[in-house]
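Each reported figure results from applying straightforward, stated rules to the coordinates on display, with no laboratory input. Treat the numbers as computed from the prediction; the structure is a model and nothing was measured. Note that we place each Cβ from the backbone using ideal geometry, even for glycine, and neighbour counts take in every protein chain shown.
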Amino acid sequence: MGLYNDTVMENFLNPKNVGEIENPDGVGIYGSPVCGDMMQMQIKVDENDVITDCKFKTFGCGSAIASSSMATQMIIGKTVEEALKITNKDVVDELGGLPAVKIHCSVLADHAIKSAIYDYAQKHGKTYKGLEGFDPNADDDDEHGTCGL
Ligand code: FES
């Protein structure tokens, strides 16, 4: 096989949590400053601040699909605070690694999730430690690799 391990391929070929949520509590849309691809994340949050559902739609590549599939599975069932502690590096680790040029695709998923939580927090007048200084529109590309696409 090539660049991608079996876990990445499985999450790319059979992604979980693709689609849209009816009446989401938070929506995040993010465009990668590296490749220009777009990601939408929607979340449903219950009265105990637990994320009960998360779905994504993307124009991103296979790595973005695999990262989003993994990231959504990792945050569903967690509280918002716990979900905010999950980084794109955690997602990449859980996938068993991505090629360096594809790390920015996992940032797309991570940033869109944080944007959805930010939207939820704004709408519900909540503040979270993990969102301090977060700007949903920032071109925050410190962790991006360079993509040849
Ligand atoms: Fe754009 Fe992967 S998301 S190249």
Inset, instruction - Treating the angle as unsigned and between 0 and 90°, give the value, to the nearest 10°, between the Cα long axis of helix 103-124 and the longest Cα principal axis of the chain. - result: 10 degrees
Legend entry - Helix-only CD estimate at 222 nm, as mean residue ellipticity for the chain, using -39500 (n - 2.57) per DSSP H run (n ≥ 4): -11500 deg cm²/dmol
Inset, instruction - Mind grabbing the base-10 log of I(q)/I(0) for the chain at q = 0.15, 0.19 Å⁻¹? Debye formula, identical points on the C-alpha positions, no solvent, two decimal places. - result: -0.68, -1.09
Legend entry - Sequence-separation-based contact order of the chain, relative, with Cα cut under 8 Å and 6+ spacing, percent: 29 percent
Legend entry - Dipole moment magnitude, nearest 20 debye, the range 34-149 about Cα centre, only Lys, Arg, Asp, Glu C-beta charged: 300 debye
